[in-house]
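The structure appears below as structure tokens.
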Amino acid sequence: MEHDYRVNVGTKGRDAALMLGAGLLTVGAVAYWQQTRTPPRLPGVPDSAPGRTSRQSRYGDYAVSGRSVTINRPIDEVYAFWRDFSNLAGFMSHVEKVETEGDMTTWTIAAPGNQSVTVRSRIVSDRENEEIAWRSVEESDIDTEGKVMFREAPGGRGTEVEAVIAYVPPAGRFGQMIAKLFQREPRVQGRHELKRLKMLMETGEITTSQNRKTD
Amino acid sequence: MRALTYHGTHDVRVDTVPDPQIVNPRDAVIEVTATAICGSDLHLYDGVIPGVMQGDILGHEFMGRVVETGPDSTLKKDQRVVVPFTISCGKCFHCMKQQYSACDNSNPAEKQDLTEPLYGEALSGLFGYSHLTGGYPGGQAEYVRVPYSDVGPIVIPDGPSDEEVLFLSDILPTGWMAAENCDIEEGDTVAVWGCGPVGLFAIQSALLMGAHQVIAIDHYPNRLDLARKLGAKVIDYRRTHVLEALREMTGGIGPDAVIDAVGMESHGFYPDNVMDTVKQKVGIGADRGHVLREAIMAVRKGGRVSMPGVYGGFLDKFPTGAFMEKGLQWRTGQTHVQKYSEELLKRIQEGEIDTTFLISHRLSLEEAPTGYENFHSNQDDWTKVVLTPGA
Ligand SMILES: NC(=O)c1ccc[n+]([C@@H]2O[C@H](COP(=O)([O-])OP(=O)(O)OC[C@H]3O[C@@H](n4cnc5c(N)ncnc54)[C@H](O)[C@@H]3O)[C@@H](O)[C@H]2O)c1
Ligand SMILES: [Zn+2]
Ligand SMILES: [Zn+2]
């Protein structure tokens, strides 16, 4: 996908931020963060680096993070694996359960103190072997959106997977708990999960140095 | 089971710990029949590699008998195997390129955080070598869980003894790769710093690869003697100016290739080394790089620098000027053990490579702490220690 770097970043950025604030833009933070190469009011010229490497990590109310990984498997296999959301609990360590019904998905996420958080999301974009995007619906415990993109890697190296996730750190006591859960460095969490996905798809198992089964 | 565990700097003990199990489908469990102490273990023993925790089982040079296999292991019960110290998945980009020690998948995801900020890339998994490389329980034990057992272990046919093949796990391919990284051409002189096991195997390999002469540098008479017996010329750095001697022994040109088989704990009372030692002691991640600096100064213009010696942190006073202006090449890395297994096993079977000449001491696993103490402090006599569990 080619981006137009010459757009008036300043105006577009302000608009996007406004819309995010109002919660109007579907997959807003992710798209904005994804496509706007240089966030507004930052010095320097727009460059070719992905938005997630920007020194800014907050977009309106949203905290955004993301990461790429190259998986040595064909693109259709990687896409199909991800598209079946029930596979995700297999490598996302804090996701307890994933249930899907049509384009709706219910994620049960382990939280500190034997509690759990439910995220309800709807698929907002699904292009085979290209991208899957989802956004939380109103009854979700967390306001979040995410997107995963698939590209054929150069030189027969398999598939580049780029995952981006945005969420509004919630307020209140319940919110603080969730924030704590997610602020267990979402970046780190995401990085681990993509690496586990890679392990699982490339080697058929998730690497561990545990000497014994944990039961 | 009994296993050699880390309790602190210069404090290792044999403890009773839980037996390993099959955890993942590609695993196997090996009953260890022979294991060795490596110069790399001394870096752990000296506390200069971070990320070693109390109770960690050490050891990465081991072999044994298969006692249990996971459903996706290709090994069979009772097979005799040597296990490479590098853990490699065999499926990732790097493994496909035979860069086994750069495997993307063998270090558990959560452990990769330790080295990603330190090195810019997460390291691969290694047996018994700190949590930076996965925190895998090591081979100085009665049993070892071997992940990806369909890729790593080398099945040993009847014939060679354990001692003849044990070093396929690390130091033999390490010496071999060190020499290979020298791209040896006809007429070449290769200078090797360090006559420990790695240096000795590098000398042997360089001669096999057709080096015109190999010059070995150390300060221990017995170790220099072993090098001489392999066919190397030797320099005792305590009595001789190394740089001058190397130039004079190469017709004024300098060695075509140099091998640093010493690593981050260089000995010697050189001014730079004293400074480095102080910095390493106060724990600011400084390596002691006297040998590397000297090797770069010694090598001829356009020459090759091969560095099997292990480094972990940062180095001051690196001679960037000499490196650039002489147009040098530099190759290094943890050994891609699996790449060399087959060829080296064949050379052992054909009697072309002797691997046992450097073994000085044979101890039981229970005596491992004595082995560490002496391999560390009586290096001249203790050139290589082989441990036998259950003995
Ligand atoms: N790259 C790899 O995969 C790999 C594998 C195994 C070992 N290693 C590393 O190789 C190095 C050597 O291992 P080893 O088992 O032979 O260790 P060792 O400690 O037995 O030998 C090191 C030798 O270097 C000599 N030495 C020290 N300072 C010197 C100096 N200034 N000039 C010349 N010689 C000097 C010592 O006297 C000693 O004989 C270590 O750093 C070890 O960690 C690397
Ligand atoms: Zn070793
Ligand atoms: Zn691999």
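Just so you know, all these numbers are worked out from the coordinates, no wet-lab data involved. The shown structure was predicted, so the numbers you read here are calculated from the model rather than taken from an experiment. Don't worry about glycine lacking a Cβ; one is built from the backbone with ideal geometry, like all the others, and counts go over all protein chains shown.
Mean-square fluctuation check for chain B, GNM, Cα pairs under 10 Å: which of B:Lys91, B:Lys317, B:Lys233 is largest?
B:Lys317
Comparing B:Val17, B:Val299, B:Val192, which has the greatest mean-square fluctuation in the GNM of chain B with Cα pairs linked when under 10 Å apart?
B:Val17
For a quick check, take a GNM of chain B with Cα springs below 10 Å and name the residue from B:Asp150, B:Asp41, B:Asp272 with the largest mean-square fluctuation.
Residue with maximal mean-square fluctuation among B:Asp150, B:Asp41, B:Asp272: B:Asp272.
Quick one: if you stick a label point 7 Å off each Cα along the C-beta vector at B:Glu367 and B:Val67, how many nm between them?
Each label point is offset 7 Å from its Cα along the Cβ direction, giving 2.3 nm.
What is chain B's relative contact order, in percent, from Cα pairs under 8 angstrom and six or more apart in sequence?
17 percent.
Relative contact order (percent) for the range B:108-188, with alpha-carbon contacts under 8 angstrom and 6 or more residues of separation?
In percent, rounded to a whole number, it is 14.
Just to confirm my numbers, what's the Cα centroid distance between the range A:90-141 and the range B:145-206 in Å?
Cα centroid to Cα centroid, the span is 50 Å.
If you count, for every residue in B:99-111, the Cβ atoms of partner chains within 10 Å of its Cβ, what is the mean?
Working: counts 0, 0, 0, 0, 3, 10, 12, 4, 4, 9, 15, 8, 4.
So the per-residue partner count for this stretch is 5.
FRET efficiency for A:Lys97 and A:Arg73, Cβ-Cβ distance as r, R0 = 22 Å, nearest 0.05?
0.30
Shape call for chain B from the C-alpha gyration tensor, a ≥ b ≥ c root eigenvalues: rounded (a/c under 1.5), prolate (a/b greater than b/c) or oblate?
It is prolate, given that a/c is not under 1.5 and a/b is the larger ratio.
Restricting to bridges with both residues inside the protein assembly as shown, how much of the DSSP beta-bridge set is antiparallel, in percent to the nearest 5? Don't skip to the answer; put the middle values down first.
Values: 75 of 102 bridges.
Of those bridges, close to 75 percent are antiparallel.
Other chains' Cβ within 10 Å of B:17-24 residues: what's the mean?
4
Counting only C-alpha contacts under 8 Å and six or more residues apart, can you give the relative contact order of the range B:172-332 as a whole percent?
The normalised contact order for the range B:172-332 reaches 23 percent.
Quick check: from the Cα gyration tensor, does the range B:1-116 come out rounded (a/c under 1.5), prolate or oblate?
oblate
Averaged across the residues of A:67-80, what count of C-beta atoms belonging to other chains lies within 10 Å of each residue's C-beta?
What the average comes to for A:67-80 is 1.
Suppose only helical runs count, i.e. DSSP H with n ≥ 4. What mean residue ellipticity at 222 nm does that imply for chain B under -39500 (n - 2.57) per run, divided by all residues and rounded to the nearest 500 deg cm²/dmol? Numbers along the way, then the final one.
Working: 13 runs with 111 residues, N = 391.
Taking each H run of at least 4 residues, the total per residue is -8000 deg cm²/dmol.
Neighbour counts of other C-beta atoms within 10 Å: give me B:Thr174, A:Thr53 arranged from fewest to most. Show your work: numbers first, answer last.
Details: B:Thr174 30, A:Thr53 9.
Fewest-to-most ranking of B:Thr174, A:Thr53: A:Thr53, B:Thr174.
For the protein assembly as shown, rounded, prolate or oblate, judged on the Cα gyration tensor with a ≥ b ≥ c (square roots of eigenvalues), a/c < 1.5 rounded, else prolate if a/b > b/c?
prolate
Among the listed pairs B:Lys77/B:Lys97; A:Lys195/B:Lys91; A:Lys97/A:Lys213; A:Lys147/B:Lys97, which are separated by more than 24 Å between their Cα atoms?
Result: B:Lys77/B:Lys97; A:Lys147/B:Lys97 exceed 24 Å.
Between A:Gln115 and B:Asn378, what is the FRET efficiency for a Förster distance of 56 Å, r being their Cβ-Cβ separation, to the nearest 0.05?
Result of the calculation: an efficiency of 0.45.
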